[in-house]
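Have a look at the structure below, then the notes.
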Amino acid sequence: MTGAHPLRSKRRRSALRTAAFLSPWLIGFAVFFLYPLLSTVYFSFTRYDGFRQPAFNGLDNWSYVFTDYPLFWPAMRNTLWLVLVMVTCRVAFGLGIGLLITKIKTGTGVFRTLFYLPYLAPPVAATLAFVFLLNPGTGPVNTLLDAVGLPTPGWFTDADWSKPALTALALWGVGDLMVIFMAALLDVPKEQYEAAELDGAGAWARFRHITLPNISPIIMFAVVTGVIQAMQYYAQPLVAGKVAAGVIGGSGQQFEPGYPDKSTLTLPQLVYNLGFQRFDYGTACVVALVLFALSMAFTALLMRRRGGLIGAGE
């Protein structure tokens, strides 16, 4: 028993030393994540406009969002569409461009630079450029399509084409994924490809059984980060909707997001519109919590089913 006290004292000192090293992260986590999250949960059950004291109103905000708020479900559908379609297209396109450039023998640096440069464009500037390029009346894209006898979509002025137009904008800035996939593809052992060729494996078999299993962690990283980015998709659809609607935007000028016909409305736009334009912080917190829950659910599902990305190659 005489040695028990020194042992407890040593463990206590070790725990304190560990806590001291972890304290910067613990403080940052508590201040910048835990406290805002708990505050958001609290305000979601109150009537609060940022000026008067919060007044508890139970589940009124939650009931209003899910049953009476006309913009919530269109924004939910649009956000889920972007997560499922835009993220899938970006990952597939980025992987395809990465594969293509790794196969090029000459001029690799030039092509890599050309594909990466659009990613460096500021989101607002890139969106403005795309809206003017895809202008149904004067844009060069529709002018070219009309010249060759193809249909000319309305793009950002057509509810059926606005989300595909946003997806095209996202594909234009796919340089970040291209660089990540190129690094992963170049890291695949060449010996495995050589052995597969000796066994008579074709290009598709090599890609399925060698490339995919080796780069699966990078694919998972691209999908998870893409889902998180899609859940935070705010500037591009808002700017595209405002410009397509002819709203230049000035202080005090009101604009209901989602033009045309709520097709570009996303959940982050609702959070900003409710919280900082209508000063309905309680309802905005409900939408923010829904967005947080969706992000966590998608991430957890992807992490649990990450083996499905390479299931065909195993």
**Prompt:** In this structure, does Ile101 turn out to be among the β-branched types (Val, Ile, Thr), over 24 Å from the mean Cα position of the chain (by Cα), open to solvent by 90 Å² or more (accessible area, probe 1.4 Å) and closer than 28 Å to Val227 by Cα?
**Reply:** no
**Prompt:** Can you pull out the residues in the range 203-232 that are open to solvent by less than 50 Å² (accessible area, probe 1.4 Å) and of a type outside the set (A, V, I, L, M, F, W, C)?
**Reply:** Thr211, Pro213, Ser216, Thr225, Gly226
**Item:** Test result for Pro24, in a loop (DSSP other than H, G, I, E, B), open to solvent by 30 Å² or more (accessible area, probe 1.4 Å) and free of Cβ contacts under 8 Å to residues at least 24 places away in the same chain
**Value:** no
**Request:** Could you list all residues from the range 20-51 that are within 17 Å of Leu274 (Cβ to Cβ) and more than 27 Å from the chain's Cα centre (by Cα)?
**Result:** Phe45, Thr46, Arg47, Tyr48, Asp49, Gly50, Phe51
**Message:** more than 18 Å from Leu169 (Cβ to Cβ), part of a helix (DSSP H, G or I), within 23 Å of the chain's Cα centre (by Cα) and in contact (Cβ under 8 Å) with a residue 60 or more places away in the chain: is that true of Leu82 in this structure?
**Reply:** no
**Request:** Determine whether the range 31-48 contains at least one residue that is assigned to a loop (DSSP other than H, G, I, E, B), open to solvent by less than 50 Å² (accessible area, probe 1.4 Å) and touching a residue at least 60 places away in the same chain (Cβ under 8 Å).
**Result:** yes
**Filter pass, Tyr193 being touching a Lys or Arg at 6+ places or on another chain (Cβ under 7 Å), of a type in the set (Ser, Thr, Tyr) and open to solvent by 20 Å² or more (accessible area, probe 1.4 Å)** = yes
**Message:** Filter the range 155-193 down to the residues that are in a loop (DSSP other than H, G, I, E, B) and either touching a residue at least 60 places away in the same chain (Cβ under 8 Å) or aliphatic (A, V, I, L, M) (or both) and list them by number.
**Reply:** Asp158, Ala159, Asp160, Val174, Val188
**Prompt:** What residue, among those in the range 130-153 that are without any contact (Cβ under 8 Å) to a residue 60 or more places away in the chain and closer than 20 Å to Leu82 by Cβ, is surrounded by the fewest Cβ atoms within 10 Å (Cβ to Cβ)?
**Reply:** Pro153
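The values are calculated or read from the model by the stated rules, or taken from the named source; none is laboratory data. These numbers were taken from a predicted model, which means no experiment stands behind them. When we count neighbours, we look across all protein chains shown, and the Cβ atoms used for this are built from the backbone with ideal geometry, even at glycine. The accessibility values were calculated without ligands, DNA or RNA, using every heavy atom of the protein model including side chains. Shrake-Rupley method; radii C 1.70, N 1.55, O 1.52, S 1.80 Å.
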